[in-house]
Amino acid sequence: MKDTVAPYTTADGRQIGDVLMDMRGITLRFGGVEAIKDISFDIREGEIRAIIGPNGAGKSSMLNVISGFYNPQDGEVWFRGAKRPPMKPYQVARQGIARTFQNIALFDGMSVLDNIMTGRLTHMKSGLLAQAVWKGRAEREEVENRAVVERIIDFLEIQAIRKTPVGRLPYGLKKRVELARALAAEPKLLLLDEPMAGMNVEEKEDMSRFILDVNDEFGTTIALIEHDMGVVMDLSDRVVVMDYGRKIGDGTPSEVRNNQEVIDAYLGVAHD
Ligand SMILES: Nc1ncnc2c1ncn2[C@@H]1O[C@H](COP(=O)(O)OP(=O)(O)OP(=O)(O)O)[C@@H](O)[C@H]1O
Ligand SMILES: [Mg+2]
């Protein structure tokens, strides 16, 4: 069966597992615009998978299909060996998929801590009634949620700004808080839409390190969209290249870098 491809070992000795997410023949249309045209690719357990391509190629649309924001007109989404029926984003989140957005989506007036706590919502089982009836359980849940969030705050080194309203933070730190909120969901698969866009060199280095650490220490599988080819080459195990909604390349960073169609469509031209 296609979704039990043998695990493999990367050049630097990391173990990559079986197929976690399998996108099969995905087509997504907006009216007359075909944003994704019959694309198939997979994401394996433990890998960092990059999606690259020019502006308007369909990269964000692809993440939006994975996260359940859009349901494709054609094709199948397989997750953890099962075909996924059309789902709402909150249902996908409950399956263990979290994301950040190309344009930061945080609550500016709320503190860093409270923003990150919103990432725990998918784990909260106690509704208001349950909280009234089973006070103990709700309290235990609250303690557990706090502990997860505190661990992530330490991990991403944002203790000093925990009480700061997000709206007052510089851009680079907002992006880090958004990553923290996504991690608070303890996702199996983390989707990052241009996590380093608009950052200076130092901020990019910090973010790259955090992404690698998340992958390494939590074992989180990561799919990320990124324009900076240096970052893509450094971080990713495999790369999917999109252009005008089509897939034009798929392989290790060095394979796609030497792919003539990829060079012509993307690598050979200036882009942001
Ligand atoms: N909600 C929408 N309604 C209509 N068209 C859309 C919508 N979202 C995306 N598109 C169109 O789909 C195509 C792919 O857009 P998408 O945002 O996925 O590209 P992208 O590769 O993420 O680009 P960028 O690098 O600029 O972020 C574009 O032509 C875009 O205009
Ligand atoms: Mg995009």
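Data for the structure
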| quantity | calculated |
| --- | --- |
| Count of the range 165-221 residues which are within 16 Å of ligand 1 (Cβ to nearest atom), over 12 Å from the mean Cα position of the chain (by Cα) and of a type in the set (Asp, Glu) | 0 |
| Pairs where the first residue, in the range 46-71, is in the same structural domain as VAL19 (by TED's automatic domain parsing) and farther than 14 Å from ASP250 by Cβ and the second is within 13 Å of ligand 1 (Cβ to nearest atom) and among the hydroxyl-bearing types (Ser, Thr, Tyr), C-beta under 6 Å, 6+ apart | PRO54/TYR266; ASN64/TYR70 |
| Pairs with Cβ under 9 Å, 6+ apart, first in the range 138-167 and more than 25 Å from ASP213 (Cα to Cα), second of a type in the set (Asp, Glu) | PRO165/ASP108; GLY167/ASP108 |
| Among the candidates GLY245, GLY251, residue that is crowded, with 20+ Cβ neighbours inside 10 Å, of a type in the set (Gly, Ala, Ser) and out of contact with any Leu (no Cβ under 7 Å at 6 or more places or on another chain) | GLY245 |
| Test: LEU113 is within 16 Å of ligand 1 (Cβ to nearest atom), of a type in the set (A, V, I, L, M, F, W, C) and either modelled with pLDDT under 90 or not in a strand (DSSP E or B) (or both) | no |
| Members of the range 28-62 found to be under 15 Å from ILE222 (Cα atoms), charged (D, E, K, R) and more than 7 Å from ligand 1 (Cβ to nearest atom), listed by number | ASP42, ARG44, GLU45, GLU47, ARG49 |
| Any hit, the range 224-240, residues being in contact (Cβ under 8 Å) with a residue 24 or more places away in the chain and over 26 Å from GLY58 (Cβ atoms) | no |
| Pick from the range 2-45, criterion among the aliphatic types (A, V, I, L, M) and assigned to a loop (DSSP other than H, G, I, E, B), ranking: surrounded by the fewest Cβ atoms within 10 Å (Cβ to Cβ) | ALA6 |
| Test: residue in the range 46-54 that is under 29 Å from ILE263 (Cβ atoms), over 16 Å from the mean Cα position of the chain (by Cα), in a loop (DSSP other than H, G, I, E, B) and not β-branched (Val, Ile, Thr) | yes |
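Results for (1) at pLDDT 90 or above; (2) within 30 Å of ASP18 (Cβ to Cβ), shown as yes or no for each residue.
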position: ARG94; (1), (2): yes, yes
position: GLN102; (1), (2): no, yes
position: THR118; (1), (2): yes, no
position: HIS123; (1), (2): no, yes
position: ARG140; (1), (2): no, no
position: GLU144; (1), (2): no, yes
position: ARG151; (1), (2): yes, yes
position: ILE158; (1), (2): yes, no
position: ALA184; (1), (2): yes, yes
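The values are calculated or read from the model by the stated rules, or taken from the named source; none is laboratory data. Small disclaimer: the values here were computed from a predicted structure and weren't measured. So basically every Cβ, Gly included, is an ideal-geometry build from the backbone, and we count neighbours across all protein chains shown.
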